[in-house]
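Remarks on the structure that follows.
Bear in mind these aren't lab numbers, they're just calculated from the coordinates by the rules spelled out. Computed from a predicted model, the values in this text were never measured in an experiment. Counting neighbours? That spans all protein chains shown, and the Cβs are built from the backbone with ideal geometry, glycine included.
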Amino acid sequence: MKKFSFTIRGNKYDVHLKDLEENIAQLEVNGTQYEVEIHQEVAKKSAKTPKLVRKEIQRKPGEGFITKNAAGGAIKVNAPLPGNIFKVLVKEGDAVKKGDVLLVMEAMKMENNVLAEKDGTVTSIKVSVGDAVLQNDVLIEMAQ
C-alpha cells in the first residue's frame, strides 16, 4: 500500500505498509514481516462521492393541486397521464358506480385502471382501443 522511511535514534528503517484492516496492520520493516496492533481509532475512509445539493422547489400559487368542477350535469373523465388506450370496459348508456373501472390505459409500460369518480351514466366515449392520449385529454363523458 504505502512505503515510509523512518530514522529512530540514528537507525534508518524502511517500512512498507502492506495491509490495514480495522486496527491490525501488516508491515514489512527492512525485509522482516510484522503484524502490528494500532492503539488509536482508525479513521474510516469516507466516500469521495459528491453530494448533490438542490434548491428547494418553489411552487407557483395553485400549481400541483387538482381542481374539481362542481358542475351538476356533465362529468368528464380525463386521462390521468399520457399513454395508450388498452381496453374500454364500458359502452354508451352503461350505468356506472363510483370506483368502477371504465377503461385501462397503458402508460410507462404499465396498465393503469381509470375509475369512475362519481355514479352516473356513460353518455359518450371519446377514445377507442389503441388511441394515444395526453394528460387531461377527455376520455369519457358521463351524466349524473
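Computed quantities for the displayed model
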read-out	value
Label-point separation in nm, V53 to L134, each point 7 Å along Cα→Cβ	3.8 nm
Flagged links, alpha-carbon separation over 24 Å, of K60/K118; K18/K51; K87/K109	K60/K118; K18/K51
Packing-based exposure ordering (other Cβ within 10 Å, fewest first) of H39, H16	H39, H16
Distance between modelled label sites at D119 and K76, nm, 7 Å Cα→Cβ extension	2.5 nm
Projected label distance in nm at D94 and E37, using a 7 Å step from Cα toward the beta-carbon	7.6 nm
